[in-house]
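The values are calculated or read from the model by the stated rules, or taken from the named source; none is laboratory data. Keep in mind that this is a model prediction, so the values were computed, not measured. Cβ: placed from backbone, ideal geometry, glycine included. Neighbour counts: every protein chain shown.
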Amino acid sequence: MPQRCNVSPRLAAAGLLACAVLCAGPASAEMKEFRDWIAACDNTRTCNAYGFDADVFGNAYLRLERGGAADAPLNIIVAVSVEDGATFKLTFDDPKLTGLPTEALAGAASDGDDLRRLVVSEPQAVETLLASLRKAKKLVVTRIDAPGAAPSDPRTTEISLSGLAAALLWIDDQQKRVGTLTALIGRGDKAASTVPPPPALPAVTAAKVPAEPKAGKASTAVLAKARAACADKTIAEAEDATRLSANEVMYWFVCKEQSGAYNMLYALLIDSPGKPVRQVEFKLPREAVRQGQRGVETDMNPGFDESTQTLTLLNKGRGIGDCGQTSDWVWDGREFRMIAAKEMPTCKGVAPSDWPVLYRAQRK
């Protein structure tokens, strides 16, 4: 069973983005566990399935990705952690199965992480490999060290395929493909035209970047609100201030007593002349809501891009940042509105660029 990241009762009670997004209903954000696999779909019916190695650190993983359109192809990605100069080979536990390269692979590098990837996207190659993945029990990664290099640790990694078929059948169902010629598992005779088109992307119009001068120091009212929000009477000044408009400024306060080793909790407060100081509120879009959860009250590791008026929240599941939740919110002149949310609940070395998107919108 995949390892699940723990969320403290305090953060769970606060209504974390993770809890709300993970519980979102069909045809919007959804995630589910299938033995040693997890699968996730976003509000456009783009879906991913993941298999992990058994090691607690996570040295390789398998990801299958498919868009929601009727003719969307399936891509199969194997990501492997290897030392510089080393290569790797892929085999099944059953040597009779085909579809994998027979030669040692260097893998494709990425600017965003140290992993090497094999990407299979050619339709016939995907079909052959998928058939073998359904029959095999394990995908085995064997590292081949460069001459004179220290031995790789681990030398081999085994990715369990238990749960893969169930995860793909669930994706077929989420994408309305069951019984059609396009299904991965639940294939039938219905034409591809019977698969409904994916929902249109929601749109968020970003406010214009203000030309007014940089914001000044926080007022007495802002400091009082920050001390109450952080339960810290010692707060004397804001860490930063961001001008949102001619009249609105967002002040940043670190809640030190409520922060952890790698998750810093912030109180983000908006001050506007003639109005009460208010804490930034993050209301989840309808497509990302289930069971009455309406927003996010916890602001973890925030960052702001003034050129796009976009605020990013990041909640790390562990220090190396291979699991957790991240989301992007655009200031529309009145409030921050979500345009993206990603989640990886399993701490097994998955690079953030490979985390499943659970919600997406277009910025205008």
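Checked against the criteria, Ala191 does not count as surrounded by 14 or more Cβ atoms within 10 Å (Cβ to Cβ) and of a type in the set (A, V, I, L, M, F, W, C).
Scanning segment 122-154 for residues that are among the charged types (D, E, K, R) and either part of a loop (DSSP other than H, G, I, E, B) or in contact with a helix residue (DSSP H, G or I) (Cβ under 8 Å, 6 or more places away or on another chain) (or both) turns up Glu122, Arg134, Lys137, Asp145, Asp153.
Given the condition charged (D, E, K, R), outside any loop (DSSP other than H, G, I, E, B) and surrounded by 14 or more Cβ atoms within 10 Å (Cβ to Cβ), answer yes or no: does some residue in segment 243-250 qualify? If you could, list the steps in order and put the result at the bottom.
Going residue by residue through segment 243-250, those that are charged (D, E, K, R) are 243, 248.
In the following step, the residues that additionally are outside any loop (DSSP other than H, G, I, E, B) were identified as 243.
Retained after the next criterion (residues that are surrounded by 14 or more Cβ atoms within 10 Å (Cβ to Cβ)): 243.
Within segment 243-250 (the criterion being charged (D, E, K, R), outside any loop (DSSP other than H, G, I, E, B) and surrounded by 14 or more Cβ atoms within 10 Å (Cβ to Cβ)), the answer is yes, since at least one residue qualifies.
From the residues in segment 212-268 that are in contact with a Ser or Thr (Cβ under 6 Å, 6 or more places away or on another chain) and either among the aliphatic types (A, V, I, L, M) or not assigned by TED's automatic domain parsing to the domain that holds Gly324 (or both), which one is nearest to Thr308 (Cα to Cα)?
The selected residue is Met250.
Just to be sure before I move on: is Leu90 in the same structural domain as Leu184 (by TED's automatic domain parsing), crowded, with 17+ Cβ neighbours inside 10 Å and touching a residue at least 40 places away in the same chain (Cβ under 8 Å) in the structure I sent? Yes; evaluated as a whole, the condition is true for this residue.
Only one of Asp114, Asp84 is without any contact (Cβ under 8 Å) to a residue 60 or more places away in the chain and exposed (fewer than 15 other Cβ atoms within 10 Å of the Cβ). Can you tell me which? Steps first, please.
Values: Asp84 fails: without any contact (Cβ under 8 Å) to a residue 60 or more places away in the chain.
Unique residue meeting the criteria: Asp114.
Scanning segment 31-67 for residues that are outside any strand (DSSP E or B) and either surrounded by fewer than 22 Cβ atoms within 10 Å (Cβ to Cβ) or β-branched (Val, Ile, Thr) (or both) returns Arg35, Asp36, Thr44, Thr46, Ala54, Asp55, Val56, Phe57, Gly58, Gly67. Considering segment 260-364, the qualifying strands (runs of 3 or more DSSP E), each wholly inside and each with 3 or more residues that are more than 30 Å from Ser219 (Cα to Cα), run over 324-331, 336-344, 357-360. Listed by first and then second residue, the pairs with beta-carbon distance under 9 Å, at least 6 apart or on different chains, first residue in segment 288-308 and over 16 Å from Ile339 (Cα atoms) and modelled with pLDDT of 65 or more, second of a type in the set (Lys, Arg) and assigned to a strand (DSSP E or B), are Met300/Lys316; Asn301/Lys316.
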